[in-house]
Amino acid sequence: QEAYKRCKRYISARDEGGSAQVNSSYSDKKRETLESIDDFVDTLYYRVDGFIDDLDDLKRALKNEIVNYGILTDIIDQNNEDVDELQINTLTEIFFTERGVSKKFPSGFSSNAEVKKIIDKLIEKGERLNNETPFINARTGEGFRLNVTHPSISKNGTYGLTLRKQRKEPINEKDILKNGTVTKNMLDLMKLFPRGRVNWSTI
């Protein structure tokens, strides 16, 4: 936590010094912040418990905490095209869709503050989720569709989040057969519906 606080101050000082451009794009600002974290760790003048022998691990930890998305970094990463949807229902009920298959995330959050920190990073345009604005639809800096809700309108008293990515390559027949969404016979039957001008609801 001490390293996190010092690193945040270091980044703020660099920004105030003019290293960050006011009109920089989202990707430029993110790149500059990542570079600032590298510089901060490379010039550390004190030891950080747990990272004494591996400064690369410290860089990753700080980047995940300050720029990225904590435990969900790998899921949200725009380069991870296998995952196209993420849902946070409660602190421990977290689900993601990987190539058409819904899976439960193996870990959870310890507090609402952790989830709020991720939401604040995802909402790029400066909107803030609060009691006055308890529901927001937005797009992230990466272009993902985002829907978030405030604890004040949740029956569980926690933040809610749904994030959807736009796949570069749509799911095809091989994908849905491989992940078990349908069987070969079911797929063949569905192909016959449009040929026979049959609506699914009439079956």
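The values are calculated or read from the model by the stated rules, or taken from the named source; none is laboratory data. Values in this document were obtained by computation on a predicted structure and should not be read as measured data. Here Cβ is always computed from backbone atoms with ideal geometry, including for glycine, and neighbour counts include all displayed protein chains. Areas reflect the complete protein model, heavy atoms only, side chains present, ligands, DNA and RNA absent. Shrake-Rupley method; radii C 1.70, N 1.55, O 1.52, S 1.80 Å.
Rolling a 1.4 angstrom probe over the protein heavy atoms, how many square angstrom per residue are accessible across region 72-169?
Details: 5370 Å² over 98 residues.
Each residue of region 72-169 exposes 55 Å² on average to a 1.4 Å probe.
Report the net charge of residues surrounding ARG47, where surrounding means a beta-carbon distance below 13 angstrom and charges are Lys +1, Arg +1, Asp -1, Glu -1. The partial results should precede the final answer.
Numbers: positive: ARG6; negative: GLU2, ASP49, ASP53, ASP54.
It works out to a net charge of -3.
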Which pairs, out of LYS59/LYS174; LYS117/LYS174; LYS59/LYS117; LYS121/LYS178; LYS8/LYS103, put more than 29 Å between their alpha-carbon atoms? LYS59/LYS174; LYS117/LYS174; LYS121/LYS178; LYS8/LYS103
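Contact order normalised by length for region 1-82, with contacts defined as Cα pairs under 8 Å and 6 or more residues apart; what percent is it?
For region 1-82, the relative contact order is 29 percent.
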Please work out whether region 1-81 counts as rounded, prolate or oblate from its C-alpha gyration tensor, where a ≥ b ≥ c are the square roots of the eigenvalues and a/c under 1.5 means rounded, while otherwise a/b larger than b/c means prolate and anything else oblate? oblate
With N residues in region 80-180, Rg(alpha-carbon) / (2.2 N^0.38 Å) equals 1.16
Among all the aspartates and glutamates, which ones have a C-alpha under 17 Å from LYS116's C-alpha, if same-chain residues fewer than 8 places away are not counted? GLU65, GLU93, GLU124, GLU127, GLU132
Choice from ILE52, ILE176, ILE71 showing the highest fluctuation, given a GNM over the chain with Cα pairs closer than 10 Å: ILE52
Can you pull the percent of region 18-158's accessible area that's carbon plus sulfur, 1.4 Å probe, other chains left in place? 46 percent
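Take the alpha carbon atoms of the chain, find their radius of gyration, then divide it by 2.2 N^0.38 Å using N residues; give the quotient. Mind showing how you got there, number by number?
Values: Rg = 21.4 Å, N = 203, 2.2 N^0.38 = 16.6 Å.
Computed over Cα atoms of the chain, the ratio equals 1.29.
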Could you give me the ³J(HN,Hα) list for region 155-163, computed from phi with Karplus coefficients 6.51, -1.76, 1.60 and θ = phi - 60°, whole Hz, x at Gly and Pro? 5, 8, x, 10, 5, x, 8, 10, 10
Rel. contact order, % - alpha carbon contacts under 8 angstrom, at least six apart, the chain: 14 percent
Rounded to whole angstrom, the alpha-carbon centroid of region 24-65 lies from that of region 84-149 at a distance of 24 Å
In 5 Å bins starting at 0, how do the alpha-carbon pair distances of region 70-138 split up by percent? 3, 15, 23, 25, 20, 10, 3, 0
